[in-house]
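Worksheet: one structure, shown below.
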């Protein structure tokens, strides 16, 4: 009988390659920027559940987007045309 004396593996560090793949395949920047934060958080939880290899990278995407929105401070707003509002 052999006892497992190996130290448990600690949490992985984020990987730039995984971050690039995550952004390219699952979270395109334009979609991230247009999605409300509540829905973005839900989508990130969904990605964590279905693609566990990205669990270290999804918090980075959320932190970057929250920081970007805080820096803009509501300066950008979605403009609607009058036709769309009259319909």
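Please treat every number below as a calculation from the coordinates, not as lab data. Being a predicted model, the structure only gives us computed values, none of them experimental. A quick note on method: Cβ atoms are made from the backbone with ideal geometry, for glycine too, and the neighbour counts reach across all protein chains shown.
Gain on full extension, evaluated as 0.36 nm per residue between residue 3 and residue 63 minus their Cα-Cα distance, stands at 17.5 nm. The alpha carbons of segment 16-67 stretch over 24, 19, 18 Å along the principal axes, in descending order.
Note on residue 50 and residue 35: the model spin-label points, each 7 Å out from Cα along the C-beta direction, lie 1.0 nm apart.
Sort 50-59, 36-45 by packing, meaning the average of other beta carbons within 10 Å per residue, with the highest value first. Present the calculation step by step, with values, prior to reporting the outcome.
Working: 50-59: 16.4, 36-45: 13.5.
Averaged packing, sorted descending, gives the order 50-59, 36-45.
Approximating the spin labels as points 7 Å out from Cα along Cα→Cβ, the residue 16-to-residue 70 distance works out to 2.5 nm.
Summary value for segment 16-67: 45 percent relative contact order, contacts being C-alpha pairs under 8 angstrom separated by 6+ residues.
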